[in-house]
Amino acid sequence: MRILFFLLLFANLIFAAYIQWGPAASGRVQLAAEFHPERIQPLSALPAGSTLSASARPEPERPVAPPPALTRPKSERPESVAPGPVAPEPRAASAPPESTASESMASASAAPEPARPATCLEWGDFLSVEHARMEAAMARVQLNHETQRIGVGKRSGYWVYIPPLRNREHAVRKMGELGRLRINNYYHVQDNGQWNNAISMGFFVNEDEADDLLEELKRTGVRSAVMGKRYLEQIKFVLRDPPQEVVEKMKTIKGEFPGSKLETVQCDRTRK
């Protein structure tokens with residue numbers, strides 16, 4: 001028993017010595033030397049503008065990778081089939097809705113009728129040198145409607161006239177003499193042509209009618225009138241879509257010019 005006691009005591013001494021001076025004791029001493037608890041300071045006690053050293057900065061949190069997707073074993077995967085062309089589903093023929101059909105029928109029935117051709121009132125034919133006389137007559141009755149003067153080309157005829165006088169004063173004096181003889185159907189030609197200041201007494205297609213007028217003027221006392229065959233430009237006046245009031249006024253004017261023609265015709269494309 002005494003020997004067992006000493007063996008146990010010796011073993012305890014060896015174990016105590018190992019704990020005191022073994023490798024674990026040296027690690028504890030080194031840790032105590034490097035770690036200084038008295039130097040630890042809270043962050044609030046640090047001076048302003050100071051930054052933590054790289055070793056003292058807390059490392060940023062690293063994102064946690066999502067767990068890998070579960071995959072089936074190759075033996076459990078279904079076999080892949082190559083996709084083929086998908087046949088389109090047949091569409092049923094769609095009939096137009098009743099409202100659309102009715103609207104189309106209504107629009108077809110309500111379609112505007114084609115515009116009727118415009119009508120024109122023509123008054124002519126007159127010598128182009130006498131246009132101012134006709135325009136003055138239309139202005140006198142106040143037509144208040146647009147009037148076009150259209151040339152109809154040169155025309156041969158027999159013109160009864162007093163040859164051009166020296167100037168306008170002589171022409172006015174001659175017209176005064178005609179007025180005293182109660183002759184009012186004449187016209188003073190005023191233009192820049194060769195017939196300026198002539199006095200037109202009438203233009204006739206028939207030579208006999210021109211001779212009759214000339215003889216009548218001579219019997220009345222007008223001895224300066226002559227008759228000659230001339231190729232003169234003729235014109236007519238055209239009124240597009242005139243109201244009935246304008247038509248009546250034109251009929252009144254026509255009575256002042258025997259031999260003139262007033263008629264309603266369809267307007268052609270050149271008179272738009």
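Could you tell me which trypsin sites (Lys or Arg not before Pro) in segment 208-255 are loop residues by DSSP with no more than 12 other beta carbons within 10 angstrom of their beta carbon?
Details: sites: Lys218, Arg219, Arg223, Lys229, Arg230, Lys236, Arg240, Lys249, Lys251, Lys254; in loops: Arg223.
Sparse-neighbourhood loop trypsin sites (Lys or Arg not before Pro): Arg223.
Would you work out the charge dipole size for segment 109-211 about its Cα centre, treating the Cβ of every Lys and Arg as +1 and the Cβ of every Asp and Glu as -1, and quote it to the nearest 20 debye? Can you show the working numbers first?
On the way: 12 positive and 13 negative charges, 99 e Å.
Here segment 109-211 has a charge dipole of around 480 debye.
Any of Lys154/Lys236; Lys154/Lys229; Lys174/Lys218; Lys154/Lys249 with alpha carbons more than 19 Å apart? Name them for me. Walk me through the numbers before you get to the answer.
Numbers: Lys154/Lys236 12 Å; Lys154/Lys229 13 Å; Lys174/Lys218 15 Å; Lys154/Lys249 28 Å.
Violating the 19 Å Cα-Cα cut-off are Lys154/Lys249.
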Give me the percent relative contact order of segment 126-272, please, defined on Cα pairs under 8 angstrom at least 6 residues apart. 37 percent
Taking all pairs of distinct Cα atoms, average 1/r, flip it, and tell me the Kirkwood hydrodynamic radius of segment 214-272 in Å to one decimal place. 15.2 Å
Accessible-area composition of segment 114-172, carbon plus sulfur, in percent [1.4 Å probe]: 46 percent
Rh (Kirkwood, all Cα-Cα pairs) for segment 180-250, Å, reads 15.0 Å
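The values are calculated or read from the model by the stated rules, or taken from the named source; none is laboratory data. All of these numbers come straight from a predicted model, not from anything done at the bench. We place every Cβ from the backbone using ideal geometry, glycine too, and count neighbours over all the protein chains shown. With ligands, DNA and RNA removed, areas are computed over all heavy atoms of the protein, side chains included. Shrake-Rupley method; radii C 1.70, N 1.55, O 1.52, S 1.80 Å.
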